[in-house]
Amino acid sequence: MGFMSGVITGVALAAGAAAWYMSRSGERFRDQYRVDRKLGELGDQLETRTRDIQASVNAQLRDMRAEGSDAAAAADAKLDDAQASAAEAAAELAADVEARAAKVKKTAKNTAED
């Protein structure tokens with residue numbers, strides 16, 4: 001009988017120790033799981049903030065590009081105005097040169113005839 005009571009006592013103590021060990025390791029696992037969950041939440045928050053920042057940067061770039069295209073259009077308009085003014089000045093200068101050349105030619109022709 002002593003042997004059987006020793007086996008039963010040993011099995012009972014082993015079962016109790018196993019239960020105690022599992023409860024302790026389960027606590028560690030639960031703590032680790034909570035940390036993992038917290039890290040997951042932090043990662044989600046970082047992802048959300050990153051998306052918000054990216055959207056903001058894209059909007060700012062879009063605005064800057066729109067302003068740049070407006071400035072380019074204004075610069076093109078100013079350039080067109082400058083080209084038109086230069087063309088008018090060149091036409092006036094050419095007309096003036098033509099008129100003077102015609103006078104010189106007429107004067108030379110009159111002098112040759114006399």
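Only the coordinates and a few stated rules stand behind these numbers; no lab work does. For clarity, every value in this text was computed on a predicted model and none was experimentally measured. Positions of Cβ are backbone-derived with ideal geometry, glycine not excepted, and every protein chain shown enters the neighbour counts.
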Notebook entry, point to check: Distance in nm between label sites at ALA86 and ASP63, each 7 Å beyond Cα in the beta-carbon direction?
Noted result: 3.6 nm
Notebook entry, point to check: Once both axes come from the Cα atoms, what is the angle between helix 2-113 and the longest principal axis of the chain, in degrees from 0 to 90, rounded to 10?
Noted result: 0 degrees
Next item on the list: Please work out, to two decimal places, the log10 of the ratio I(q)/I(0) at q = 0.10, 0.11, 0.17, 0.21 Å⁻¹ from a Debye calculation in which every Cα of the chain carries one identical scatterer.
Entry: -0.76, -0.80, -1.00, -1.11
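Suppose the chain between LYS109 and ALA71 were pulled fully straight at 0.36 nm per residue; how much longer would it get relative to their current alpha carbon spacing?
8.1 nm
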